[in-house]
Each structure stands twice: as structure tokens, then as C-alpha cells.
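Okay, so here's the structure we're looking at.
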Amino acid sequence: MKDYFTIIKDSFTGYWNYLGDEIVNPGWTNYFYWLIALSLLVFTIEIVIPWRKKQPILRKGFWLDAFYILFNFFLFSLVGYNAISNVGVQLFNDFLGLFGIKNIVAFEVQSFPVWGQLAIMFVIADFIQWNVHRMLHRVPWLWKFHQVHHSVKEMGFAAQFRFHFMETLVYKTVQYIPLAMIGFGIEQFFIVHMFAVFVGHLNHANVNWNYGKLGYLFNNPNMHIWHHAKELPAEHPYGMNYGLTLSIWDYLFGTAYVPGDGRDIELGFHGEEKLPKDFTGQVVYPFKSKE
């Protein structure tokens with residue numbers, strides 16, 4: 001068994017060095033600059049062809065969401081997530097070692113074409129995320145954290161990253177074992193992840209797109225805005241349209257709901273007035289709330 005204190009120390013220094021290298025020595029798999037590029041691209045689309053023309057370019061909550069992007073994409077790893085995840089992986093491996101198991105890879109995909117590996121990883125990861133997203137709405141203690149994301153009152157691309165850091169822990173924990181059972185490289189993960197970021201930006205953007213028939217496969221702005229509706233229909237008391245990248249899961253399992261043009265619907269949730277408006281208050285609130 002490895003020294004967990006060493007793992008924690010190496011995680012902090014390792015991620016700091018990694019982040020610095022990402023900024024100074026950009027490459028094709030550079031998270032930092034890809035995130036900036038995709039954000040500027042979708043932001044430009046919002047400005048050129050806005051759906052809600054009266055909505056300010058720097059909408060309500062824009063700067064808060066901009067900080068959430070920085071925090072959830074980079075700072076959270078720097079202040080703890082990288083160390084927590086590395087310790088978690090080592091604990092899991094040590095547990096397997098008690099039974100003489102060195103790894104849990106059950107399905108080798110390295111011999112598949114690259115496109116096949118990407119497709120398998122993308123579909124499995126997205127289906128897991130769809131299920132986790134449903135849990136965030138149906139399980140009361142998880143909903144407290146997910147309320148942060150639903151506090152958005154005007155939609156824009158950056159709203160995708162307004163979420164509590166506990167969501168990262170929940171999503172990654174649930175995803176770990178299924179994805180660990182299939183061998184994937186970091187390059188494949190990068191491609192899948194950045195594609196999901198791009199679609200997520202578009203889903204929250206102020207644009208009037210539904211992708212036509214492809215909207216039954218991919219989530220889109222016209223569908224996702226109903227997920228943020230403050231008033232929920234009787235047939236969906238916990239919410240609807242849980243898909244992150246793919247919408248097909250909602251159509252297959254009966255949670256799709258697009259009754260019409262949702263351009264001007266009120267966004268939020270009942271009880272939103274109790275949620276603080278600042279970053280620190282929103283991070284602390286779910287841990288203090290008794291409701």
C-alpha cells in the first residue's frame with residue numbers, strides 16, 4: 001500500500017505543475033485553451049444571433065458563472081479534488097488487492113478503431129450522467145447541491161458551469177467503476193470531454209436551435225431551457241430533460257418534455273430566494289440548509 005500522505009502531497013504539486021505547463025506550453029490536448037476557445041465561440045454565437053434579443057449580453061449572473069467556470073474546471077482540482085480522487089483511486093485499488101485483484105478491466109477496447117473507442121466511452125459516460133442527473137433532482141440531499149445550478153435566472157453559455165463542487169464528486173464517483181472496467185487512454189477521454197463541454201455550452205446558450213430530427217438524439221437549447229423551468233408540469237414533478245449531451249435517454253425513458261417555445265419561460269425553482277447570490281454563500285448553503 002502506498003503512503004497516502006505522499007499521494008496527497010504529490011497530487012497538489014503535480015496538478016500545480018500540470019496547470020502551469022498547460023498555460024505555458026499549449027498542445028492539442030490542452031484543457032485550458034480549448035475551454036477558452038469553445039467559450040468564446042459560443043459566446044460569439046450568442047451575440048450574433050441571440051434568441052432572447054432583449055437579454056443583455058452580460059446577462060444577470062454572467063460574472064458569477066464566469067468564476068464558476070474557472071473554479072470548477074481548474075481551481076477545484078488545485079485546492080483538493082485532484083488529491084481526493086487520487087487517494088480514492090488508491091484506496092479502491094488497495095481494497096481490490098485484499099482479494100488478489102490487480103485491476104477490474106473486464107472489456108478491452110484498445111483493439112477497436114479509435115472512433116469505436118470514442119463512441120463506446122461517450123455513450124456509456126453520458127448514460128451514467130443522465131442517471132446521476134435524475135438522482136440530483138429526486139434525492140433530497142443531492143437536490144440541495146443541485147439547486148445552485150438551477151439558480152440561473154437568465155440562460156447563457158457560462159451557466160453550464162454554475163454548479164456546486166459536490167456534483168463533481170458525485171458524478172465522478174459513480175462513473176469511476178464502470179469506466180475503469182473498460183480500458184481508455186487520456187487522449188480519448190479528452191476528446192469526449194471537450195465535445196461534452198461544447199454541447200453543454202450550446203445547451204445553455206441564448207440561441208434558438210433544436211437541431212431538427214437530430215434533436216431527438218442530441219440535447220439542445222430549445223429542449224434544455226425547459227429543464228430550467230421554474231414551474232414544473234404535474235407529470236414531471238421532479239423535473240424533465242435530464243440529458244447532458246444526448247437527449248435520446250429522455251425520449252426512451254419518458255422524461256422528455258418540450259411543449260413549445262420556451263424562450264420566455266421563468267427560470268429557477270421554488271424556494272430560490274433562500275439561496276445566497278454570491279459564490280461563497282452558494283457553496284456553504286447546502287451544508288447548512290435543514291430543508
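The values are calculated or read from the model by the stated rules, or taken from the named source; none is laboratory data. Just so you know, these numbers come straight off a predicted model, no measurement behind them. Counting neighbours? That spans all protein chains shown, and the Cβs are built from the backbone with ideal geometry, glycine included.
Details
- In summary, Y257 fulfils each of the numbered conditions (1) under 20 Å from the mean Cα position of the chain (by Cα); (2) more than 17 Å from N206 (Cβ to Cβ); (3) surrounded by 18 or more Cβ atoms within 10 Å (Cβ to Cβ) with the single exception of condition (1).
- Evaluation of S39 against (1) surrounded by fewer than 16 Cβ atoms within 10 Å (Cβ to Cβ); (2) modelled with pLDDT of 95 or more; (3) under 19 Å from F190 (Cα atoms) (one fails), failing number: (1)
- Elements of type helices (runs of 4 or more DSSP H) contained in the range 205-291, each with 3 or more residues being among the aliphatic types (A, V, I, L, M): none
- The range 167-204 - residue that is outside any helix (DSSP H, G or I) and surrounded by fewer than 15 Cβ atoms within 10 Å (Cβ to Cβ) and, of those, modelled with the highest pLDDT: M181
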